[in-house]
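Nothing in this text is a laboratory measurement; each read-out follows from the coordinates by a stated rule. Note that this is a predicted model, so its numbers are computed, not measured. Using ideal geometry, Cβ is built from the backbone for each residue, glycine included, and neighbour counts are taken over all protein chains shown.
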Amino acid sequence: MTQYIKRIFNPLEVYFFQDGVFGENIYVIVVEDAKSIGKKVVDFYNLVGDEIPLVILTKEEWENFDKALKQKGEKIL
């Protein structure tokens, strides 16, 4: 899974949240900018199926989240 995330999104960071503000069992992908993100999401789901929930945030959006919320996720990349 993470190999596809890394290859398609070229993320700055990736987190896995079992529960929290984003929902349950969600990958949060932090990217530099949102350029071409729609195409990347389509490419990702074409490879792995649509059973994996993703939240994609820019670096700026991620920096605006409360530190306590960030700590609920497990950093995987």
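Observations, loosely collected:
- Residues in the range 32-64 that are under 15 Å from F22 (Cβ atoms), assigned to a loop (DSSP other than H, G, I, E, B) and within 14 Å of the chain's Cα centre (by Cα): I52, P53.
- Matching residues in the range 1-31 - criterion: being part of a loop (DSSP other than H, G, I, E, B), aliphatic (A, V, I, L, M) and closer than 21 Å to L69 by Cα: L12, V21
- Single residue of the range 66-77 satisfying the filter (free of Cβ contacts under 8 Å to residues at least 12 places away in the same chain and not polar (S, T, N, Q)) that is farthest from V21 (Cα to Cα): K67
- Comparison of V41, V30, V14 shows that the only residue that is without any contact (Cβ under 8 Å) to a residue 40 or more places away in the chain, surrounded by 19 or more Cβ atoms within 10 Å (Cβ to Cβ) and of a type in the set (A, V, I, L, M, F, W, C) is V30.
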